[in-house]
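No lab work stands behind these numbers, since they all come straight from the coordinates. All values derive from a computational prediction rather than experimental measurement. Because the Cβ atoms are built from the backbone with ideal geometry, glycine has one as well, and the counts that use them run over all protein chains shown.
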Amino acid sequence: MTLNIAIIGAGPAGYYTAEAALKRWGGTARIDIIDRLPTPYGLIRAGVAPDHQSIKAVTKRYEATNLGAGVRFVGNVAVGRDVQIAELLAIYDAVVLSVGAPHDKPLGIPGDDLPGVLGSGAFVGWYNGHPEFAGLQVPLSHHGAAIIGNGNVAIDCARILAKTCEELETSDIAQHSVDALRRSAVRDIHIVGRRGPHQASFTTKEMGELGHLERAQPLVKPGDLPPVEEDAALDPGDRKTVTHLRNFAATPRGDKPITIHFEFFRRPVAVEGNGKAERLIVETTRLEDGKAVGTGELHAIPCGLVIACIGYRTATIPGVPYDEGLGRFPVDGEGRIFKGLYASGWARRGPSGTIGTNRPDGFAVVDAIGADVSESRGGDAPAALDALLAGRGVKTTHFANWQALDAHEVSRARPGAPREKLVSLAEMLGLIG
Ligand code: NAP
């Protein structure tokens, strides 16, 4: 039996699902990995920080999957625009939505629509050269920047703002961002958390890196740290992370020009300014049953840039049920939306975990497909998709096109950098011909 499977989204969740399907059905399945961008790798290319190249090396594994028998990358195809989900369900035996969670969770406070207030998806997309955010206006002329959230995305954003251009030059950060950051006036970066150091979801390596920045010093108020004995209750990883915070609190103030202020126990309540963000108003909190409760005490953090790093939502797709409360597709325990339609990765379980957390997801979904689909409906699904898209004038890209584009990006890289990304869709498609 030749199973026809469409995976929507060429990020880690999509590739791990393809890998699991290849493992289960070998060359007897036809697997199309469809993405709205002409380029593969999703979050690895446009989400993982550009100065974390070792994490990006996982694309070698996805490349091997793409070269597997029966596997195709089909880029520049947006499901819901170029092809509908009902059409895919009619062509393929199973459709897996591995579309991630690209939309920023709204801050939902007065002033959050002022110029200068950005979601982390937009800011991260900007520095990573995502075509959708290449033209983003990032105000960097104010000395203050506020980053809301106590997760690793907040740390990534702070680190990119804090690093020197020389520190960034060897990364694959978008050239437009290096140019803008070179002129940046940001000197005080405030990482605002509504709870305390023990409740933060930073990880150890990311926290440790902040202690080794050329021109920036992290600052923690000793009074925000719980008594040291309480660290014993943390799991070992969190304990190491909190130890970094304790070290930051104990380090005398040096003469580095940039300060990364950890603002624990501060809840954002408003962004204020005259036609643009000029300050973030925060309320001091205390913990009650692990929850942040406002005390009524307000402070203003002067800043021209506010980046909300508070989580993401999956995009809706016409014809697919959506759970508004959870911000993703409703699935059963195996990632099934309904028989024939599945979700994996952040579209299945929300925006949490490391890249590798998506791997078991892929295997679970493939098990569900195996249980549901005992017989293929037959037909050559890739040929049917190609005919449908050609009839609509959609110009698709394939893995060989990506390999050419990849070689082009590598060839034009700054000295010491792995690549210089193309950031315009027109330029990418033009290069492909
Ligand atoms: P996260 O770890 O879930 O952190 C989100 C933060 O936003 C939390 O501190 C949360 O506070 C806060 N928050 C949520 N709603 C808020 C609100 N309305 N007001 C104020 N604060 C609010 O998410 P993330 O940083 O976006 O990261 C997503 C996933 O990607 C995580 O699993 C992360 O570890 C992973 N990631 C990993 C790396 C890496 O390994 N290098 C890099 C980036 C991301 P509460 O805790 O109080 O809810």
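Considering region 307-396, the qualifying helices (runs of 4 or more DSSP H), each wholly inside and each with 2 or more residues that are more than 16 Å from the ligand (Cβ to nearest atom) and surrounded by 15 or more Cβ atoms within 10 Å (Cβ to Cβ), run over 358-372, 381-391. Being in a strand (DSSP E or B), touching a residue at least 40 places away in the same chain (Cβ under 8 Å) and within 13 Å of the ligand (Cβ to nearest atom) is a property that VAL282 has. So, GLN84, is that one farther than 27 Å from ALA6 by Cβ, surrounded by fewer than 23 Cβ atoms within 10 Å (Cβ to Cβ) and among the polar types (S, T, N, Q) or not? Taking the combined requirement at face value, the residue does not satisfy it. Considering only residues of region 400-410 that are in contact with a helix residue (DSSP H, G or I) (Cβ under 9 Å, 6 or more places away or on another chain) and crowded, with 17+ Cβ neighbours inside 10 Å, which is nearest to THR65 (Cα to Cα)? Selected residue: TRP402.
Screening SER171 against (1) over 30 Å from GLY223 (Cα atoms); (2) in a helix (DSSP H, G or I); (3) within 16 Å of the ligand (Cβ to nearest atom) leaves a single unmet condition, (2).
Selection of region 147-167 for residues being away from the ligand (no atom under 16 Å from the Cβ) and in contact with a Leu (Cβ under 7 Å, 6 or more places away or on another chain) yields only CYS165. Of the helices (runs of 4 or more DSSP H) lying entirely inside region 8-118, those containing at least 1 residues that are farther than 27 Å from LEU429 by Cα and either touching a residue at least 40 places away in the same chain (Cβ under 8 Å) or within 16 Å of the ligand (Cβ to nearest atom) (or both) are 12-25, 53-56, 85-91. Report yes if some residue within region 200-218 is in a loop (DSSP other than H, G, I, E, B), among the basic types (Lys, Arg) and surrounded by fewer than 20 Cβ atoms within 10 Å (Cβ to Cβ); otherwise report no. Scanning region 200-218, I find at least one residue that is in a loop (DSSP other than H, G, I, E, B), among the basic types (Lys, Arg) and surrounded by fewer than 20 Cβ atoms within 10 Å (Cβ to Cβ), so the answer is yes.
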